[in-house]
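Engineer: This structure is in structure tokens; I'll ask about it shortly.
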Ligand code: GDG
């Protein structure tokens with residue numbers, strides 16, 4: 001079996017990130033992939049160095065070999081906080097109002113990708129498969145090719161891919177996309193993002209796309225496909241059975257004195273639609289005075305990307321909104337929104353999900369959204385809760401038995417909460433049963449095998465069973 005070299009912006013070393021309790025979906029997915037595969041995970045350590053040296057810190061922990069580099073403050077400003085999180089992230093989530101176009105960011109992005117390429121090069125052996133992750137590293141493959149790497153190389157994008165008309169607002173968009181075509185395989189979360197990408201290469205670059213979605217570029221064949229990511233189902237259901245999960249479940253249940261529980265779990269990010277969610281819940285409280293005090297919203301939102309102004313802004317907005325809604329609807333022994341700005345260990349999270357009657361997952365735009373899948377996996381099949389899911393999350397393409405909502409409509413969110421609270425047990429069970437099949441079968445193991453097999457050129461392997469056509 002070929003070795004796998006996984007390259008991503010950040011590397012989650014050992015179990016430290018797990019203990020901190022706020023690792024993102026990418027880290028959760030990759031760790032389980034690497035544990036099973038011989039190989040190396042390369043990326044930024046998250047640490048600063050006054051001057052870039054390219055020194056590789058190699059470690060073996062938890063069955064995973066990692067190699068990390070430190071970056072200079074200017075790299076972090078221009079590449080990570082700049083081009084990645086102030087330019088590409090908002091643009092890829094359809095927020096051109098928040099997208100900043102700064103030439104220094106673009107230069108920093110290229111410089112750091114070049115530094116990644118130079119540093120990882122000595123680790124790559126001739127038969128290795130190279131698997132690059134996410135929007136931070138789109139041009140990395142082309143830089144490795146320029147250094148003579150002929151290995152099979154794949155890219156997986158965890159975010160959405162924006163419509164062509166939005167992407168063309170990015171200066172030098174052609175150059176960015178052309179650099180991506182140096183990979184052998186380009187993976188997206190859903191067919192929607194894939195179609196946007198194929199639209200771009202046809203309309204803007206005049207390239208031909210074959211029936212198998214392969215793109216002929218400079219005499220090479222690049223395969224673009226959807227590979228919807230899943231959760232580590234086995235690991236998560238085990239965590240949900242643990243004593244720690246049961247204690248967390250009981251603690252939360254006891255604390256609400258018989259009220260129903262709605263849960264949201266999200267990195268504090270504007271793409272997750274937290275403000276709209278709170279407003280929808282506020283509308284539900286206002287529309288249903290007879291049901292007031294019968295439902296509590298627990299929102300867990302560990303802060304992320306705090307160095308970026310738009311993230312500071314959303315934090316302030318949410319604090320104000322929570323205060324406003326709680327002020328209007330609280331009573332001496334009742335507070336409708338519990339807004340918690342910190343992370344919890346995974347087992348506790350699983351217990352909270354299980355205790356919740358409704359999973360409220362309402363991003364305005366999301367590549368996939370693993371929280372929706374975790375909520376389903378954590379339910380008691382005999383008495384499951386109801387998943388309310390944004391129609392704009394990639395997960396909505398698979399989880400069609402959730403109650404799908406338009407997160408921009410406070411009325412729709414409010415009505416859907418009511419519907420979910422009143423849903424009879426038989427219907428809850430029926431919906432959950434179908435959702436569970438998708439979450440269990442299209443898990444992270446299947447995702448990884450599918451991507452790696454495709455990268456190895458083993459032809460089209462099993463398509464996810466529950467991906468919409
Ligand atoms: C990106 C894409 C795509 C959250 N709070 C805590 C905690 N989390 C964990 C969740 C879940 C993960 O973080 C979040 O994953 P998501 O998929 O919801 O979102 P992103 O972080 O934006 O991930 C996304 C994903 O990559 C994978 O491709 O699905 O669309 O944006 O696993 O449980 N974990 C713990 N404590 C917390 O308080 N332990």
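Engineer: Report those helices (runs of 4 or more DSSP H) wholly inside the stretch 167-258 carrying at least 2 residues which are touching a residue at least 40 places away in the same chain (Cβ under 8 Å) and closer than 30 Å to residue 439 by Cβ.
Structural biologist: Ranges flagged: 191-203, 233-241, 243-255.
Engineer: Determine, yes or no, whether residue 340 is in contact with a strand residue (DSSP E or B) (Cβ under 8 Å, 6 or more places away or on another chain) and more than 22 Å from residue 421 (Cα to Cα).
Structural biologist: Criteria met by residue 340.
Engineer: On to the next question. So for the stretch 276-298 (the condition being within 12 Å of the ligand (Cβ to nearest atom), in contact (Cβ under 8 Å) with a residue 40 or more places away in the chain and under 25 Å from residue 362 (Cα atoms)), does at least one residue qualify?
Structural biologist: Checked the stretch 276-298: at least one residue is within 12 Å of the ligand (Cβ to nearest atom), in contact (Cβ under 8 Å) with a residue 40 or more places away in the chain and under 25 Å from residue 362 (Cα atoms).
Engineer: With 425, 421 as the choices, which residue is more than 19 Å from residue 272 (Cβ to Cβ), in contact with a strand residue (DSSP E or B) (Cβ under 8 Å, 6 or more places away or on another chain), away from the ligand (no atom under 16 Å from the Cβ) and outside the structural domain of residue 135 (by TED's automatic domain parsing)?
Structural biologist: 421
Engineer: So which residues in the stretch 367-398 are outside any helix (DSSP H, G or I), within 12 Å of the ligand (Cβ to nearest atom) and touching a helix residue (DSSP H, G or I) at 6+ places or on another chain (Cβ under 6 Å)?
Structural biologist: 367, 368, 369, 389, 398, listed by residue number.
Engineer: Among the residues in the stretch 432-442, are any at pLDDT 95 or above, buried (at least 20 other Cβ atoms within 10 Å of the Cβ) and in contact with a strand residue (DSSP E or B) (Cβ under 7 Å, 6 or more places away or on another chain)?
Structural biologist: Yes, the stretch 432-442 has at least one match.
Engineer: If you scan the stretch 93-108, which residues turn out to be surrounded by 15 or more Cβ atoms within 10 Å (Cβ to Cβ), over 20 Å from the mean Cα position of the chain (by Cα) and part of a loop (DSSP other than H, G, I, E, B)?
Structural biologist: Scanning the stretch 93-108 gives 100, 101.
Table: residues versus (1) in contact with a strand residue (DSSP E or B) (Cβ under 7 Å, 6 or more places away or on another chain); (2) within 29 Å of residue 10 (Cα to Cα); (3) outside any helix (DSSP H, G or I).
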{"residue": "280", "(1), (2), (3)": "no, no, no"}
{"residue": "283", "(1), (2), (3)": "no, no, no"}
{"residue": "286", "(1), (2), (3)": "no, no, no"}
{"residue": "290", "(1), (2), (3)": "no, no, no"}
{"residue": "299", "(1), (2), (3)": "yes, yes, yes"}
{"residue": "305", "(1), (2), (3)": "no, yes, yes"}
{"residue": "315", "(1), (2), (3)": "yes, yes, no"}
{"residue": "323", "(1), (2), (3)": "no, no, no"}
{"residue": "327", "(1), (2), (3)": "no, no, no"}
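Engineer: Let me ask something else. For the stretch 259-268, how many residues are more than 16 Å from the ligand (Cβ to nearest atom) and in a loop (DSSP other than H, G, I, E, B)?
Structural biologist: Residues that pass the stated criteria total 1.
Engineer: Now a separate question. Take the residues in the stretch 329-366 that are within 16 Å of the ligand (Cβ to nearest atom) and part of a strand (DSSP E or B), then tell me which one is surrounded by the fewest Cβ atoms within 10 Å (Cβ to Cβ). I'd like the intermediate steps shown before the answer.
Structural biologist: First, the residues of the stretch 329-366 that are within 16 Å of the ligand (Cβ to nearest atom): 338-356, 359-366.
If we keep only those that are part of a strand (DSSP E or B) too, we end up with 338-340, 359-361, 366.
Values: 338: 17, 339: 20, 340: 13, 359: 25, 360: 31, 361: 31, 366: 29.
Looking at residues that are within 16 Å of the ligand (Cβ to nearest atom) and part of a strand (DSSP E or B), I get 340.
Engineer: When the stretch 399-414 is examined, which residues are found to be more than 16 Å from the ligand (Cβ to nearest atom) and over 21 Å from residue 278 (Cα atoms)?
Structural biologist: 400, 401
Engineer: Please enumerate the residues belonging to the stretch 119-156 that are out of contact with any strand residue (DSSP E or B) (no Cβ under 9 Å at 6 or more places or on another chain), modelled with pLDDT of 95 or more and part of a loop (DSSP other than H, G, I, E, B).
Structural biologist: 139, 147, 148, 150
Engineer: Further question on the same structure: What's the total number of residues in the stretch 451-462 that are surrounded by 13 or more Cβ atoms within 10 Å (Cβ to Cβ) and in contact with a strand residue (DSSP E or B) (Cβ under 9 Å, 6 or more places away or on another chain)?
Structural biologist: So the answer is 5.
Engineer: Here are 255, 271, 310: which of them is away from the ligand (no atom under 13 Å from the Cβ) and in contact with a strand residue (DSSP E or B) (Cβ under 9 Å, 6 or more places away or on another chain)?
Structural biologist: Selected residue: 255, the only one of 255, 271, 310 that is away from the ligand (no atom under 13 Å from the Cβ) and in contact with a strand residue (DSSP E or B) (Cβ under 9 Å, 6 or more places away or on another chain).
The values are calculated or read from the model by the stated rules, or taken from the named source; none is laboratory data. Every value quoted in this text rests on a predicted model; they were computed, and no experiment measured them. Cβ atoms come from the backbone with ideal geometry, glycine included; neighbour counts cover every protein chain shown.
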